[in-house]
1. Is the range 14-29 home to any residue that is modelled with pLDDT of 50 or more and touching a helix residue (DSSP H, G or I) at 6+ places or on another chain (Cβ under 9 Å)?
2. Being of a type in the set (A, V, I, L, M, F, W, C), within 21 Å of ALA390 (Cβ to Cβ) and either touching a residue at least 24 places away in the same chain (Cβ under 8 Å) or surrounded by 18 or more Cβ atoms within 10 Å (Cβ to Cβ) (or both), is that true of even one residue in the range 193-205?
3. I'd like to check something: does the range 407-421 contain any residue that is at pLDDT 80 or above, polar (S, T, N, Q) and open to solvent by less than 40 Å² (accessible area, probe 1.4 Å)?
4. What are the residue pairs meeting all of these: first residue in the range 79-97, first residue closer than 20 Å to HIS430 by Cα, second residue open to solvent by 90 Å² or more (accessible area, probe 1.4 Å) and in a strand (DSSP E or B), Cβ atoms under 6 Å, and 6 or more apart or on different chains?
5. Residues in the range 532-581 that are open to solvent by 50 Å² or more (accessible area, probe 1.4 Å) and part of a helix (DSSP H, G or I): how many?
6. List the number of the failed condition for ASP77; all other conditions in (1) farther than 29 Å from ALA267 by Cα; (2) among the acidic types (Asp, Glu); (3) at pLDDT below 90; (4) open to solvent by 50 Å² or more (accessible area, probe 1.4 Å) hold.
7. Looking only at residues that are aromatic (Phe, Trp, Tyr) and at pLDDT 90 or above in the range 130-170, which one is farthest from GLY392 (Cα to Cα)?
8. Can we say SER172 is out of contact with any strand residue (DSSP E or B) (no Cβ under 6 Å at 6 or more places or on another chain), within 15 Å of VAL279 (Cβ to Cβ) and in a loop (DSSP other than H, G, I, E, B)?
Amino acid sequence: MHCDQRKRHRWHLLLVPLLVVCAAPVMAQRPGRDEVRISTRAYRPPPAIIRANVASVEVDAVVRDGHGEPVAGLLRDNFRVYDEGRLQKLTGFMVAASPAGGAATPTTATLAKSTATPPAGPAQRPPRYLALFFDDVNSGTGDLSHARDAAKLFLTRALRGNDRVAIFTASSSHSVGFTHDRSRLLAALGALSPHPRAARSSTGCVHMTAYQAYLIVNHLDPAALAAAEANTKACAQTSEGAAIFGANGPAESEGGAIGSIWLQARAASQATLAAIQDVDDYLARQPGPRVLVIASGGFLGQTLEAQQDQIIQEALRQRVTIDGLDASGLYASGPGLALDQQADVGVAPLAMFEFDEESKMPEHEAMDAAMANLAQSTGGLLFQNNNDLALGFERLGLVASVTYRLSFAPAGLVPDGKLHRLRVKVEPDHGYTIEARRGYFDPPPETPAVKLREAINAAARGHAEVRQFGASLKASQNGSGVAVAIQVDLAELDFQREKGRERNRLIFTAELYASDGKFVTGKQAEMDFALRSKSWQMLRRKGLVVHLSLPTGTGRYTLCVVVAAENGGRLDAMSQPVVIR
C-alpha cells in the first residue's frame, strides 16, 4: 500500500465528534438544554437501496465440535435456517475451505465426505492478513494494558513469517498499515493509551452507570429506575441529587443527567462501530485470508443493531472474519460498589444495592453483545472470561478451515424495517456449536421519514445541488482539517406546535471527497427541536449557525453538505471545493 493511501485511510478514521451550535451572538440567549438535543456520528454514503423485500440473505456458518474444531463434511440437507421462527428454504449452499486455518477435523459425527479442498501445506499457505483493532475509547487503562501485553506476546511467539499485521484504534490516535516488521508493530502497541469519550458511570453521590441509564431511558427495567430514585432520594440534600432527572421528574429522565449519560455512551459506541467498519473496508482490499480481531473492554451497542448489520453484510460480502476479545478477562466482581464509589455514596439504599448486584452479569453480557454479534455473524469467535489474552490472540488469529455459506429468499415475511432474528441448526445435532449470522434488517416500507433519509443519502452520493429552503455554506481550513459553517433560516422551515413547543428535526450531513473522487471522511449531526415560544421567536429572527469539523490532511477536496428538515421533507444540498495546505 502506498504511503499516501495509508495516510488517507488514517485520516478517514480520525472522526472526533464535534458540534457547536451558535444560535445567537449572546450566550445567554441560547435555547435551554431541554429545547435542543444534539447528536453526532461518523457518516459514510451507504449503497443505494433497492426498494423491495430482501431478495436474498447470506449466512456464513462455522460448525464446531465439542473440542472447538470446525466440522467438515456437512451437506445442504443438514442445515435448517429459521427467520423469525419460520423455516426457510435454502436457495444457495457452498463449502469454503481456508488454507490458512487449522486442518478441518473429520470427526465421528461427520455425515458425508467433505466437498472442501484439503488444506495447503505450510509452504503453500498464502499470507494471512490480520487487523488488530484496539478499542481505546471504551476500554480502561487496565483492560487496554492487558490486551497490549498479550498482543506483544502473540507477535513475538505466534506470528508466522508470511503473516501481515496492521494495528488500528477506535480513537484513530495512530495506526500501522499491514506489515511483517515486528519492531514497528511492537512500537505501535507500546504507544497505546486510553482515549475515553464517555464515562461508564457517573461520579459523586448519585451513582449511575451507562448501562443503567440505557435501561431507564429505553424503559426496559423498572428496577433500574427504582434504584436511581432511591439513590437520588438518599442524595437529595445535594444539588447533584436534584439534577439527575429532568425538570418533570423520572417520566422525562431522558432530558436530565440520565439521558446525557446514555447519549454519551451511545455516541461513543457509534463512533467505535464506524471505526470498525472503516478497518473492515480497508482489510477487505487485502489478498488472502482476512481476519479482524477487536480487543475491547466492551461497549453498549444496543439500539445500534442496524449499524452492526451493515458491518456484518460488508464482512460477509468481502469474506472478512471478525473476532472479539474481551480485554477484561475473567469476569470476577465482588458484592457492593467499588471502594472509591462507596466513599461517595456511603450506605447504598436497598433498591440500589439489589439492582447493582442483580445487574452485574447482565451488564457484562450487554457490554460484549455487539462484539459477540459481529463475531458470530461472520463465522468468528468471541474470546471471553479468560485471563490468558495471549492465547486469545492466537486462537482468534486463525481463519476457520471450513465455512458453510448458506443463502435463502425470505418467504412469508412482511418488510417492516426491523431486525429479523435468524437461527441456524444442524440435524442431526451432535452437540455442535454453530457460529452464524444472528439477524438482518429488511428494508422498511416507504414512509416520509424513510424517503427523506434515502433522499439525503442520494444527494450525498451524487454531489447534488438542491435548493428548497435556502441554507448557506462556508468552509475554511482549520489546522489540518476543514471547518464547516452551515447557516439555516428557520423561518423558512415548517415547525409543528405540540404541547406548547415548536418541534422539528434537522439533519446535517457533511462529507469530503478527494480530487480523484474517492470518499475521505464524513460526519452527520441531528438536532431535535422542542422550542419554547421565546426561543422560537429568537431563532426565527437570528437564524441558526452549525459548525462541524472534518479532520483531514493536505490536498484538494470537494466538500458536500446536505441539510434536511424532517417536517415537510425538504432539503438543501451544496458543494464547494476546499484546499488544505
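1. Going through the range 14-29, the residues modelled with pLDDT of 50 or more turn out to be none.
No, that holds for no residue.
2. To start, the set of residues in the range 193-205 that are of a type in the set (A, V, I, L, M, F, W, C) comprises 198-199, 205.
Right, trim to within 21 Å of ALA390 (Cβ to Cβ) and you get none.
No.
3. Kept after step one, since they are at pLDDT 80 or above, are these residues of the range 407-421: 407-410, 420-421.
Filter again for polar (S, T, N, Q), leaving 407.
The next check asks that each one be open to solvent by less than 40 Å² (accessible area, probe 1.4 Å); those that pass are 407.
Yes, some residue in the range 407-421 is at pLDDT 80 or above, polar (S, T, N, Q) and open to solvent by less than 40 Å² (accessible area, probe 1.4 Å).
4. Listed by first residue and then by second, the contacts come to TYR82/ARG423.
5. Number satisfying all stated conditions: 6.
6. Going through (1) farther than 29 Å from ALA267 by Cα; (2) among the acidic types (Asp, Glu); (3) at pLDDT below 90; (4) open to solvent by 50 Å² or more (accessible area, probe 1.4 Å) one by one, ASP77 breaks only (3).
7. Filtering the range 130-170 for residues aromatic (Phe, Trp, Tyr) gives 133-134, 154, 168.
Keeping just the survivors that are at pLDDT 90 or above gives 133-134, 168.
Working: PHE133: 14, PHE134: 14, PHE168: 18 Å.
Only one residue fits best here, namely PHE168.
8. Details: out of contact with any strand residue (DSSP E or B) (no Cβ under 6 Å at 6 or more places or on another chain): yes; within 15 Å of VAL279 (Cβ to Cβ): yes; in a loop (DSSP other than H, G, I, E, B): yes.
Against the criterion (out of contact with any strand residue (DSSP E or B) (no Cβ under 6 Å at 6 or more places or on another chain), within 15 Å of VAL279 (Cβ to Cβ) and in a loop (DSSP other than H, G, I, E, B)), SER172 qualifies.
The values are calculated or read from the model by the stated rules, or taken from the named source; none is laboratory data. Owing to the predicted nature of the structure, the values given are computational and were not obtained by experimental measurement. Positions of Cβ are backbone-derived with ideal geometry, glycine not excepted, and every protein chain shown enters the neighbour counts. Please note that ligands, DNA and RNA were not included when accessible areas were found on the heavy atoms of the full protein model with its side chains. Shrake-Rupley method; radii C 1.70, N 1.55, O 1.52, S 1.80 Å.
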